[in-house]
Amino acid sequence: MTAQHTIAVLGLGRMGEAVATRLAAQGRQVLGWTRSGRTSGSFDTTDDPHEAVAKADVVLLALFDGPACRQVLDTVEGSLRADTMVVNVGTIAPAEASELARRLGASYVHAPVLGSVPAVAAGALQILTAADPDTLDRVRPVLEALGTVRRVDDASTAAALKLIANSSLAGAVLALRDALQQADALGLSRTQALDVLELGHLGGLVARKRPFLDSEPKTATAVGTAPAGGTADFTIAALAKDMNLLAAASDMPLRCVSELANTPGGPESDIAVAATAPAPADAVLAPLRAYIRGHATGDPGHFRAAFLPTAHIEGVRNGVFVSWPLDEYCALFDGSPAPDEPARSRRIDTVDVHGTVATATMTLRHGPDTFTDVFLLVHVDDRWRIANKAYHRHL
């Protein structure tokens, strides 16, 4: 591919504009088009997608999702020249990638990228590329202007690998969130915590996203305004979309999907804002703490404060399934702590809030026995209560 050939970039969002700007800066003729009509001074644009693709040797799709890719291709396919290559750098489902590869044949290059806007500007993307060998040879100089080409067997595999890569990124963001919440609970300053985290396994993420992370934490009641940090490189909405695609493609649970959906700052905030989410409010922790006090003291009044009157406590006891109503459960406690109470411990492991319902898990170490308790909580009458509990006794 020589510099005088034209590249049509369809989609001028954050990544599309960065790609078009990079290619134009490398001396290539770029003509951009976007459905929103936004323009850039860094390269030529048109409001007619047919004009863009009719002049192009390479049509580069930088669109949000699979439906957008199909819609745009439906619009412009009749204007594509027979020798035009279509390069898709977007993140779509494996099945959608396979469909586009079948539709366009040897002219299609599926090339999802690892890296965001700064990596585009530096030509440092990692590009997972599935293409016909001859087509890849022709388009390789364009891709190498953006980063390193990594050959993948087929479009579906390239799309799946991109989703897995983004899953690890989502996990890192949420691990950083957990670390910052624990630092807040320990009374550490945000600067102290980030300085140390930057030295460890999350260091690269912390260093890249520091502008979004530096502000001190908000309270749980003040969520809704994103910390200052500049323009998002990769938005929460985009990452959540990718995780939904992964969950659907794998048919496997993916906890980060719901966790990303409940982060502060709104969907157009940078993914780093998800790491600044406050810890669960004391209100939702109150019934769990009352439950712990019930075990610590043996006083059933604490359980009555923690549970709804209609609650049931369920599990397998001595090989038999039991489902106790609250009164029957409270009758197990005589108002005195267990003789070995000083050696016992309880730990709240997880709390996930979804509007007016929440789930929680807890580990209880009671002498030789360890229990995992799973709670369903509801927000009713202006406070949280435990609606039901199930437990497992580890043998």
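The values are calculated or read from the model by the stated rules, or taken from the named source; none is laboratory data. Model, not experiment: these values are computed from the prediction. Please note: Cβ atoms are built from the backbone with ideal geometry, for glycine as well, and neighbour counts cover all protein chains shown. Surface accessibility is based on the protein's heavy atoms, side chains included, excluding ligands, DNA and RNA. Shrake-Rupley method; radii C 1.70, N 1.55, O 1.52, S 1.80 Å.
General observations
- Checking I292, I313 one by one, the residue that is among the β-branched types (V, I, T), touching a His at 6+ places or on another chain (Cβ under 9 Å) and more than 30 Å from N244 (Cα to Cα) is I292 and no other.
- A single entry from G78, G105, G147 fulfils the requirement of being surrounded by fewer than 22 Cβ atoms within 10 Å (Cβ to Cβ) and touching a strand residue (DSSP E or B) at 6+ places or on another chain (Cβ under 6 Å): G147.
- Residue match in the stretch 232-253 (condition: closer than 20 Å to V378 by Cβ, surrounded by 15 or more Cβ atoms within 10 Å (Cβ to Cβ) and in contact with a Ser or Thr (Cβ under 8 Å, 6 or more places away or on another chain)): no
- Residues of the stretch 23-53 classified as in a helix (DSSP H, G or I) and open to solvent by 50 Å² or more (accessible area, probe 1.4 Å), total: 3
- Matching residues in the stretch 180-196 - criterion: being under 17 Å from A277 (Cα atoms), part of a helix (DSSP H, G or I) and open to solvent by less than 80 Å² (accessible area, probe 1.4 Å): L180, Q181, A183, D184, R190, T191, A193, L194
- Residue pairs whose Cβ atoms lie under 9 Å apart, separated by 6 or more positions or on different chains, with the first residue in the stretch 362-375 and touching a residue at least 24 places away in the same chain (Cβ under 8 Å) and the second in a loop (DSSP other than H, G, I, E, B) and open to solvent by 50 Å² or more (accessible area, probe 1.4 Å), are L364/R344; H366/D340; H366/R344; G367/D340; G367/R344; D369/L395.
- The residues in the stretch 287-338 that are among the hydrophobic types (A, V, I, L, M, F, W, C), assigned to a loop (DSSP other than H, G, I, E, B) and crowded, with 17+ Cβ neighbours inside 10 Å can be counted, and the count is 1.
Yes/no per residue for (1) over 25 Å from the mean Cα position of the chain (by Cα); (2) of a type in the set (A, V, I, L, M):
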site: P67; (1), (2): no, no
site: L73; (1), (2): yes, yes
site: E77; (1), (2): yes, no
site: A111; (1), (2): no, yes
site: T129; (1), (2): no, no
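- Within the stretch 111-126, restricting attention to residues that are surrounded by 23 or more Cβ atoms within 10 Å (Cβ to Cβ) and in contact with a strand residue (DSSP E or B) (Cβ under 6 Å, 6 or more places away or on another chain), the residue that is farthest from V87 (Cα to Cα) is L125.
- Exclusive hit being closer than 26 Å to S79 by Cα and under 21 Å from the mean Cα position of the chain (by Cα), set A95, A158: A95
- Answer from G224, G200 - the residue that is surrounded by fewer than 18 Cβ atoms within 10 Å (Cβ to Cβ), modelled with pLDDT of 95 or more and part of a loop (DSSP other than H, G, I, E, B): G200
- Residues being of a type in the set (S, T, Y) and either modelled with pLDDT under 95 or more than 18 Å from V19 (Cα to Cα) (or both) - total across the stretch 83-98: 2
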